[in-house]
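First up is the structure itself, then whatever we jot down about it.
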Amino acid sequence: MGEAVEEISVSTTPPRPAVTPVPPIAAPPAQYHSPSLTRVPLLPTAAEDGGDHVETAITTSKTPKSLTPKIRTPRFITPIGSPLRRALHLTKLDPQDAWLPITESRNGNAYYAAFHTLCSGIGIQALILPVAFTILGWTWGLICLSLAFIWQLYTLYLLVQLHESPETGIRYCRYLQLADATLGNKLSKFLALFPILYLSGGTCVALIIIGGSTSKMFFQIVCGATCTTKTLTPVEWYLVFTSAAVILSQLPNLNSIAGVSLIGSITAVGYCTLIWVVSVAKGTLPGVSYNPLKAKTEIGQFFDVLNALGMIAFAFRGHNLILEIQSTMPSSEKHPSRVPMWRGVKFAYFVVAMCLFPLAIGGYWAYGQKIPEQGGMLTALYTFHSRDTSQFILGLTSLFVIINAVSSFQIYGMPMFDDMESKYTTRMKKPCPWWLRHLFRVMFGYGCFFVAVAIPFLGSLAGLIGGIALPVTLAYPCFMWLKIKKPEIYSPIWLLNWALGLLGMALSVILIAAGVYVILETGIHAQFFKPQ
């Protein structure tokens with residue numbers, strides 16, 4: 001019997017295992033992904049299933065057919081590449097990225113980045129820079145403007161670098177996502193939510209005020225002094241501008257408005273150049289003085305200076321959109337999005353510098369202390385040169401301002417559209433239907449119209465608003481860099497970011513106090529529901 005058993009145990013074909021080992025499943029290691037908005041990953045991590053029940057992991061990773069997003073961009077997920085990545089094993093894939101207007105298209109490039117950055121980085125707020133010079137004077141005005149430009153360009157570089165994390169493979173496609181990951185959920189809502197919402201929604205309100213009032217001015221220029229046609233009321237002009245902005249806002253995603261941003265950039269550069277060239281060409285006004293304006297008391301002088309600094313800070317905007325713009329690009333370990341993004345940003349801010357500095361210097365040289373506080377250079381052009389300047393130039397300048405305002409409305413409204421749709425997709429676990437997407441944008445546009453009619457004096461709060469939004473531009477990126485990159489303690493980069501971050505927060509508090517003081521001291525023409 002022992003021999004028989006021995007013969008049976010020796011076989012030329014060994015028995016086949018009952019279960020074939022399945023290799024572990026991993027997301028493409030060379031692809032960066034944004035953090036989950038729904039908190040439910042499509043692919044479970046190895047830690048969640050302990051390496052066991054692989055077949056269960058395969059089953060649970062599949063979503064129902066009705067919930068599978070239609071990814072419009074084939075480069076959104078690249079083939080498996082670079083085996084050198086060791087830190088990223090299983091990445092949480094979020095279907096909402098393919099459903100939301102900021103991230104549903106990933107075909108962006110350096111040109112698109114330059115268009116969007118330039119359109120969001122330069123605007124009508126740059127025209128009030130000479131007003132700040134009337135308080136600071138030539139020397140301190142130039143010094144503060146130059147330092148602010150360098151500082152905000154540095155923090156812009158930090159945000160571009162922080163967009164994607166090689167350590168975790170995560171892309172922070174929205175400023176609030178990065179703030180949430182670094183400052184914490186509760187602290188980010190308290191510190192970052194309001195400034196970011198204002199920089200999106202509040203800017204759209206200001207654009208309606210500017211676009212509506214400039215539309216009225218454009219009609220008067222085109223119609224002429226002898227025109228008998230009855231013009232629309234200011235509220236009706238606001239409504240006309242808002243309707244045009246709402247119609248254009250129906251473009252689906254951030255990549256689809258690249259052409260709109262290009263037109264907005266060209267018109268912004270156009271009216272900035274026209275205004276300062278005409279002002280300089282006409283020469284200085286009679287009796288111009290460059291002596292800084294001084295309040296009667298020392299405390300008043302101190303707060304006036306701080307309010308001027310707030311105006312300079314208000315001139316630099318767009319940091320709350322940089323991560324969103326960068327998220328429209330494909331990104332992988334071999335070809336990270338920060339390379340083309342920074343290339344586009346450098347070009348855009350070179351053009352921004354070519355507009356801001358001539359505006360501030362040329363405008364202050366031409367008008368000095370006579371420059372109007374409301375509207376700055378644009379109001380000065382119509383006030384002092386409406387008779388000795390060609391009507392064609394004045395009309396073209398107004399038209400450029402209107403087109404730029406409509407274009408800027410789209411890029412500043414996109415984060416708000418994205419936020420409204422994300423609430424729906426998180427709750428319903430499916431893409432937002434086309435009719436609801438259009439309804440969201442119509443509601444947002446006309447909601448901004450109501451606020452613009454109710455608070456038409458929003459431009460008088462430039463210094464205060466600059467102080468509120470300053471941390472988003474100058475302070476938070478420094479703290480985010482320290483939290484994520486963790487540089488060596490007391491190293492130069494560690495000291496630099498701590499110094500800039502703390503200085504930015506201190507300036508924000510002081511500027512807010514100064515803005516409130518100036519408003520209480522000088523007062524504002526708070527005429528609710530009475531746009532001029």
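The values are calculated or read from the model by the stated rules, or taken from the named source; none is laboratory data. In this text, all values refer to a predicted model and were calculated from it rather than measured experimentally. Note that we place each Cβ from the backbone using ideal geometry, even for glycine, and neighbour counts take in every protein chain shown. We work out accessible area using only protein heavy atoms, side chains counted, and drop any ligands, DNA or RNA first. Shrake-Rupley method; radii C 1.70, N 1.55, O 1.52, S 1.80 Å.
The table that follows gives values for the structure above.
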| item | result |
| --- | --- |
| Kirkwood Rh and Cα Rg combined as Rg/Rh, segment 364-451 | 1.23 |
| Per residue accessible area in Å² of segment 351-469, where ligands, DNA and RNA are left out and the probe is 1.4 Å | 39 Å² |
| Estimated inter-spin distance, M428 and F194, nm [label 7 Å along Cα→Cβ] | 3.3 nm |
| Of K189/K294; K186/K346; K346/K370; K189/K429, pairs whose Cα-Cα distance is over 32 Å | K189/K294; K186/K346; K346/K370 |
| Ellipsoid equivalent to segment 225-284 - semi-axes via the Cα gyration tensor, in Å | 28, 24, 8 |
| Protein-only accessible surface order, largest first, of R343, R174 at 1.4 Å | R343, R174 |
| Whole-percent carbon and sulfur share, accessible surface of segment 110-183, 1.4 Å | 74 percent |
| Note, ³J(HN,Hα) from phi for segment 280-286, Karplus 6.51, -1.76, 1.60, rounded to Hz, x at Gly and Pro | 6, 5, 7, x, 6, 6, x |
| Three principal axis lengths of segment 283-380 [C-alpha, angstrom, descending] | 60, 35, 18 |
| Amide H contacts of I170 (H built 1.01 Å from N, under 5 Å, at least 5 apart or other chain) | H33, S165 |
| Carbon plus sulfur fraction of accessible area for segment 362-497, probe 1.4 Å, in percent | 69 percent |
| Percent carbon-and-sulfur accessible area, segment 276-319, ignoring ligands, DNA and RNA, probe 1.4 Å | 63 percent |
| Karplus-derived 3J(HN,Hα), 6.51/-1.76/1.60, for each residue of segment 129-139, Hz, glycine and proline x | 4, x, 5, 5, 5, 5, 9, 7, x, 4, 5 |
| Lys/Arg +1, Asp/Glu -1 at C-beta; segment 209-335 dipole; positive extreme among S213, T242, G259 | S213 |
